[in-house]
Every structure is written in C-alpha cells, then in structure tokens.
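Enquirer: The structure follows.
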Amino acid sequence: MIEVQNIKFEYPNMPPVFDQFNWSVDRGDAWSIIGPSGCGKSTLLYLLSGLRLPSSGRIAIDGIQVTHPRPQNGLIIQDYGLLPWATVRKNVSLGLDIRQFYGPDGIHAPIENDQKKMSIDPWLDRLGLADQANKFPSQLSGGQRQRTAIARTLVLNPDLLMMDEPFSSLDAPTREGLQQLVLELWREQNLTLLTVTHSIEEAAILGERILLLEVPPNRDAQVIENPDMSRPGYRQSDAYLQICQQLRERMSQ
C-alpha cells in the first residue's frame, strides 16, 4: 500500500531527518513508529499524509505518488484538533461538511462517495459518545475528546489511519481501553494502522511491526517483527515482555 523510496527531507538549516530512506507497508498492516525525540516520527506521518513533501525521492500510496493530502487518509494529531466552540456532533461531522462543500473532486473527497458509510450516529454509538453528542470539548474527559477525534476520522471511511501520540496525555486505564478500541476498529474496518508513540509498551501493543527510528539522519528502516500482537492475552504474555525488552535494548544502543 505504502512505498517510501529513497526519500530525503530536511528542515531549513538542519541536517536531514531522512536521507535515502526506504520503507514499505502492506495494506491491513498495523505498525508502531518509535524512537527518541526529534528522530522524525511525526515528520514521517506528515510526509505520508501529504502535509509535507520530500526534497527528493518518492512516496506512493496504492501506486499513486503523494503530492497533496489524500482523502482516504485519516490523521489524528496529539491535541485532538477539536473545535472548542462546536459540540461533539458538530466536531464529528466537520470532515463531512468540508467534503460536501467541495464535492467529490478526488482531492478533498473521493470521486465515489458511499453516503451509506458516512453517517455520524453509528459512530457516536460505536465510540460511546451518543450521550455526549451535544456537549462541548471542555465538558468532556480526555478519553471522550480522543474518542471524538477518532469518530471524526472514521466517519470519513479512511483506509489508512495515522495517529500521532494519540494517548500520551491519558491515564493508564483510559489509555489501555482506547488502545483496545483502536485494535478492534483496525480489525473491523480493515484499516492500515500507523501509530507514532514514545511508549515502548504502547508500541508493542499496537504494532505487528515496529519501525525504530534513530537520531537523524535516518537511512535504514529498522523493523522489529511482533507477530504475537494479535493473540488474546498478549499484554500478559512472555512474548510481550520480550518485545518490550528488545525495544529497550535497541533504543539504548
């Protein structure tokens, strides 16, 4: 699904974040992306989403080069990105409203819109937000705000879901509950899932494969396989502890 070929990217007056970097993602994969602060985790999501472009090389999704944001992408940023003056219902419908304004042009909205899949209420129910639909973000808990951001993204029927530190500000029980919810949605919706995280434990829970980035420039894609991630009881298993230990060792090198 995703092909990153020999890309180079640098910010002004800074060394390259990526230099001749290659990486590929198959449709339906679940990846975690982890590494030290400033290694390029969020930058990689912005490149994949078309919000930034490499100075050289090529990024393609489904064989089409990324030159602008792709309407089938879903991106959830760290601070949720909710409009404080809008209710939960209005926040969840924001993307649909924008698509209706532009129409199915292939840039802002898919050419073939399936309106049956683009209904708000089923997602409010699925994410436990029906009772909060008329509340404002300031009236919600952190977990409810994150659920709102997830609903706003999934109502657009994406095939690629990218999340940037989605649960870092939440308490442990809420974080674990939302991790489980995301995994359920990944399976139900046949999503390709990319999650940026600073947490070793979260990387092990959310990634069948884990991309380890280093202090720039990143040249080689270091991939850690985590095939047991989907098995029941994985969080309490020896395989989980072993992956966490492997990540600690690799990140301390």
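Enquirer: At 0.36 nm per residue, minus the direct Cα-Cα distance, what do I77 and V223 gain on full extension? Give it in nm, one decimal, please.
Expert: Residue separation times 0.36 nm, minus the Cα-Cα distance, leaves 50.2 nm.
Enquirer: Which net charge results when you count Lys and Arg as +1 and Asp and Glu as -1 among the other residues whose beta-carbon is under 15 Å from that of F21?
Expert: That sum, taken over residues with Cβ under 15 Å, equals 0.
Enquirer: So what is the calculated 222 nm ellipticity per residue for the chain, using -39500 (n - 2.57) for each DSSP H run with n of 4 or more, over all residues, to the nearest 500 deg cm²/dmol?
Expert: Value at 222 nm, helices only, nearest 500: -9500 deg cm²/dmol.
Enquirer: Can you say what percent of the DSSP beta bridges in the chain, counting only those with both residues inside, are antiparallel? Round to 5.
Expert: Counting only bridges with both partners in the chain, antiparallel ones make up about 50 percent.
Enquirer: Another question about this same structure. Between A60 and A130, how high is the FRET efficiency from 1/(1 + (r/R0)^6) when r is the Cβ-Cβ distance and R₀ = 41 Å? Nearest 0.05.
Expert: 0.55
Enquirer: Okay, moving on. Quick one: what are the phi-derived ³J(HN,Hα) couplings along region 177-188, Karplus 6.51/-1.76/1.60 with θ = phi - 60°, whole Hz, x for glycine and proline?
Expert: In residue order, the calculated couplings are x, 6, 4, 5, 4, 4, 5, 5, 5, 4, 6, 5 Hz.
Enquirer: Can you tell me, using C-alpha contacts under 8 Å and at least 6 residues apart, the relative contact order of the chain as a whole percent?
Expert: Values: 467 pairs, mean separation 68.9, N = 253.
Relative contact order, the chain: 27 percent.
Enquirer: State the number of lysine pairs found in the chain whose Cα atoms come within less than 21 Å, restricting to pairs 8 or more positions apart or on distinct chains. Intermediate results must be reported in sequence, preceding the final value.
Expert: Working: K8/K41; K90/K116; K90/K117; K90/K135.
Count of close lysine pairs: 4.
Enquirer: Okay, moving on. Please list, in order along region 124-141, the HN-Hα scalar couplings obtained from phi with the Karplus expression 6.51 cos²θ - 1.76 cosθ + 1.60 (θ = phi - 60°), rounded to whole Hz, x for Gly and Pro.
Expert: 4, 5, 4, 9, x, 10, 4, 6, 9, 4, 9, 8, 9, x, 5, 8, 9, 6
Enquirer: What net charge do the residues around E225 carry, taking every other residue with its C-beta under 15 Å from that of E225, with Lys and Arg at +1 and Asp and Glu at -1?
Expert: Every neighbour counted, the sum reads -1.
Enquirer: Continuing with the same structure: Tell me the relative contact order for region 82-158 as a rounded percent, counting alpha carbon contacts under 8 Å between residues six or more apart.
Expert: Averaging sequence separation for qualifying contacts and normalising by length gives 48 percent for region 82-158.
Quick note: the coordinates plus some simple rules give every number you see, no bench work behind them. These numbers come from a predicted model, not from an experiment. Positions of Cβ are generated from backbone atoms using ideal geometry, with glycine treated the same way; all protein chains shown enter the neighbour counts.
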